[in-house]
Amino acid sequence: MERLSRTVLVIFGLTGDLSKRKLLPALFHLARRGILPDGFRILGISRKGTTVADVISLVRDAVSRDAPEPGGPDGSRSRLEALARLEGMLSVLDMDISREGDYGLLARELDRIDATAGTPLNRLFYLAIPASLFGTVTARLGKKDINVRGPQGRDSRFLIEKPFGENLETARELIERLDRDFDESQIFRIDHYLAKETAQNILAFRFGNPLFRGSWNREHVRAIMISANEAIGIEGRTAFYERMGALRDLVQSHLLQLLALVTMRRPESMDSESIHRAKEELLARVVPPEPARMADETVRGQYETYRAETGKGDSMTETYAACRLSIDTDEWRGVPVLLRTGKMLREKVTEINVIFGDPGAEGCAKGEGTGDGAFGECNVLTIRIQPNEGIAVDLRIKKPGFDSLYDDVQLDYCYRADATAIPDAYERVLVDGMRGDRTLFASANEVLSCWRISNPILDAWKDPLFPLHVYGNGSAGPEAANALARAAGVEWLDETHLVCPVPRARS
Ligand code: BG6
């Protein structure tokens, strides 16, 4: 890996949920892997009198829940060493981010850190705070010139977390607001699904293997299905979730981004700009259901204990969302695209299924058969994002023997053997932020397209008469989502469709 430049990471929202769950553990793992460069500094912003010791204890709690990592060949350090290293890099500034005067304190602290380092460090600002505060914070940083790409080539970048707005209009406002103080090249909009290892493999798999190139289109693909099922509920985030719901939380962002990777044309090169251009072109052609088809082509659901859990007795917020989209390009016209996500479901699975087969045919023959229709039915290619990361293709084969009996087998590539080498998505986000590589971040145009696709669905769901399907906790989700798939001539693959289920024996 290339050497990372010397950076100060400024975390707004140091003790918030995101920082505790994702960011601080990711920093710990980077320290443990020995990836953080010497001279790397972390400045946490808090107004709760938080101390460095408090933060380290948060990290210790978060990572003590992890499975033990092997040390040794990958150079990972022991837990204690990594904690000590992190402690040495960390300082905390007590400031009120809504008070303009406090930004002078921040400017002085950053100057002090530069002086100690003996050089102007790159600045990476991580805004782990509600989007409603982005504008305030960035404007104030701008006013004090804290954000400027400064002396001796210092870079200054912003990592921001979704939601990037709550609909098309507010997203546009947010983008314009940030545009006033920053160049687009300084803004890194995080979509942590893009930083998941298997998601990164989508382009390599598609464009590095001529085997699939000729068949990756409407002539051969019957449907594209993307699922992000979660077993957890909303975990106490009532205020956030009541505003978001599943469509904004997962579909507008993560699932449409995955769809873009699966269906975009081959970029001219694999650099960030070309990849973004190809994704933007694709997303601009994704078509939501017609208003008259919304009831047939979208499903919203809510898990049965949601209202009691949140105390919102009449909440219409969806914890489950499914929809059928289409793509108006020569490659994909007419191919159903099915997306679904939900909380409190039977198990956590995020995967992409590309169903190869004759366009317009229905169902996929499975299990042993006699050969009738054994050829040309379906091949399912699964890109399993999590858990059991891997890529698998279901094939029909003839069973060995004198009779013409057919069966299903799977060819797979499973990451499990390399599991400890898989960096967590947030580790990747931080490293790319330090490197200034924007490939795995969402561009402004991508965000706007994703809202353009989602907005009509959200509008239709504002109608109080639009069905809200209540589904059992721990179930497979609302039956209506199955009907949605069947109407497209396919079925959602359930947990009987295994991908990389058992550890491989290592020779
Ligand atoms: C976040 C959503 O973006 O992704 C959460 O806000 C969701 O609601 C989470 O639980 C899922 O991420 P992962 O990495 O656990 O699949």
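The values are calculated or read from the model by the stated rules, or taken from the named source; none is laboratory data. Being a predicted model, the structure only gives us computed values, none of them experimental. Counting neighbours? That spans all protein chains shown, and the Cβs are built from the backbone with ideal geometry, glycine included. Keep in mind that these areas ignore ligands, DNA and RNA; they rest on the heavy atoms of the full protein, side chains included. Shrake-Rupley method; radii C 1.70, N 1.55, O 1.52, S 1.80 Å.
May I ask you to list the residues in segment 160-172 that are touching a strand residue (DSSP E or B) at 6+ places or on another chain (Cβ under 7 Å) and either in a strand (DSSP E or B) or hydroxyl-bearing (Ser, Thr, Tyr) (or both)?
160, 161
Mind telling me which of the residues 409, 431, 447 ends up being crowded, with 16+ Cβ neighbours inside 10 Å, touching a residue at least 12 places away in the same chain (Cβ under 8 Å) and touching a strand residue (DSSP E or B) at 6+ places or on another chain (Cβ under 8 Å)? Steps first, please.
Numbers: 409 fails: crowded, with 16+ Cβ neighbours inside 10 Å; 431 fails: touching a strand residue (DSSP E or B) at 6+ places or on another chain (Cβ under 8 Å).
One residue alone meets the criteria, 447.
What is the residue count in segment 23-45 for residues that are small (Gly, Ala, Ser) and open to solvent by less than 10 Å² (accessible area, probe 1.4 Å)? Reasoning before the result, please.
Taking segment 23-45 as the starting set, the residues that turn out to be small (Gly, Ala, Ser) are 26, 31, 34, 39, 44.
Then drop every residue that is not open to solvent by less than 10 Å² (accessible area, probe 1.4 Å), which leaves 26, 31, 44.
Within segment 23-45, residues that are small (Gly, Ala, Ser) and open to solvent by less than 10 Å² (accessible area, probe 1.4 Å) number 3.
Say whether the condition of being open to solvent by 60 Å² or more (accessible area, probe 1.4 Å) and over 30 Å from residue 178 (Cα atoms) is met by at least one residue in segment 454-463. It would help to see each step written out before you state the result.
Of the residues in segment 454-463, the ones open to solvent by 60 Å² or more (accessible area, probe 1.4 Å) are 459, 462-463.
Filter again for over 30 Å from residue 178 (Cα atoms), leaving 463.
Looking for residues that are open to solvent by 60 Å² or more (accessible area, probe 1.4 Å) and over 30 Å from residue 178 (Cα atoms), one finds at least one in segment 454-463, hence yes.
Of everything in segment 209-243, what is away from the ligand (no atom under 12 Å from the Cβ) and open to solvent by less than 10 Å² (accessible area, probe 1.4 Å)? Give them in sequence order. Write out each step before concluding.
Keep residues of segment 209-243 that are away from the ligand (no atom under 12 Å from the Cβ), which gives 209-226, 238-239, 242.
The answer is 221, 223, 224, 225, 226.
Name every residue in segment 196-253 that is polar (S, T, N, Q) and not in a helix (DSSP H, G or I), in order of residue number.
Residues of segment 196-253 polar (S, T, N, Q): 198, 200-201, 209, 215, 217, 227, 229, 238, 252-253.
Within segment 196-253, 209, 215, 217, 227, 229 meet the criteria.
Which residue pairs have Cβ atoms closer than 8 Å, lie 6 or more positions apart in sequence or on different chains, and pair a first residue in segment 99-116 that is open to solvent by 20 Å² or more (accessible area, probe 1.4 Å) with a second residue that is among the basic types (Lys, Arg)?
Pairs that qualify, where the first residue is open to solvent by 20 Å² or more (accessible area, probe 1.4 Å) and the partner is among the basic types (Lys, Arg), are 100/140; 100/143; 107/144.
Contact list please: Cβ distance under 6 Å, first residue in segment 245-257 and open to solvent by 10 Å² or more (accessible area, probe 1.4 Å), second residue away from the ligand (no atom under 11 Å from the Cβ), pairs at least six apart or on different chains.
Final answer for the pair search is 252/450; 252/454.
Identify all residues within segment 352-366 that are open to solvent by 10 Å² or more (accessible area, probe 1.4 Å) and either touching a residue at least 40 places away in the same chain (Cβ under 8 Å) or basic (Lys, Arg) (or both); write none if there are none.
Scanning segment 352-366 gives 356, 357, 358, 359, 360, 361, 362, 363, 364, 366.
If I filter segment 180-205 down to residues being crowded, with 17+ Cβ neighbours inside 10 Å and acidic (Asp, Glu), which single residue comes out as farthest from residue 123 (Cα to Cα)?
Only one residue fits best here, namely 197.
Examine segment 182-204 for a residue that is without any contact (Cβ under 8 Å) to a residue 60 or more places away in the chain and closer than 30 Å to residue 387 by Cα, and state whether such a residue exists.
To start, the set of residues in segment 182-204 that are without any contact (Cβ under 8 Å) to a residue 60 or more places away in the chain comprises 182-183, 186, 204.
Subset that is closer than 30 Å to residue 387 by Cα: 204.
So far as segment 182-204 goes, yes, one or more of its residues are without any contact (Cβ under 8 Å) to a residue 60 or more places away in the chain and closer than 30 Å to residue 387 by Cα.
Checking residue 157 against (1) in a strand (DSSP E or B); (2) modelled with pLDDT of 95 or more, which test does it fail?
(2)
All but one of (1) in contact with a Lys or Arg (Cβ under 8 Å, 6 or more places away or on another chain); (2) closer than 20 Å to residue 119 by Cα hold for residue 3; state the number of the condition that does not hold.
(1)
Take the conditions at pLDDT 95 or above, within 12 Å of the ligand (Cβ to nearest atom) and more than 22 Å from residue 167 (Cβ to Cβ) and apply them to residue 246. Does it pass?
No, not satisfied.
Being crowded, with 19+ Cβ neighbours inside 10 Å and either of a type in the set (Gly, Ala, Ser) or in a loop (DSSP other than H, G, I, E, B) (or both) is the filter here; which residues of segment 434-444 pass it? Write out each step before concluding.
Narrowing segment 434-444 to residues crowded, with 19+ Cβ neighbours inside 10 Å: 434, 438, 440-444.
Once the filter is applied, which keeps residues that are crowded, with 19+ Cβ neighbours inside 10 Å and either of a type in the set (Gly, Ala, Ser) or in a loop (DSSP other than H, G, I, E, B) (or both), segment 434-444 yields 438, 440, 442, 443, 444.
So, residue 290, is that one surrounded by fewer than 22 Cβ atoms within 10 Å (Cβ to Cβ) and under 21 Å from the mean Cα position of the chain (by Cα) or not? Reasoning before the result, please.
Values: surrounded by fewer than 22 Cβ atoms within 10 Å (Cβ to Cβ): yes; under 21 Å from the mean Cα position of the chain (by Cα): no.
Criteria not met by residue 290.
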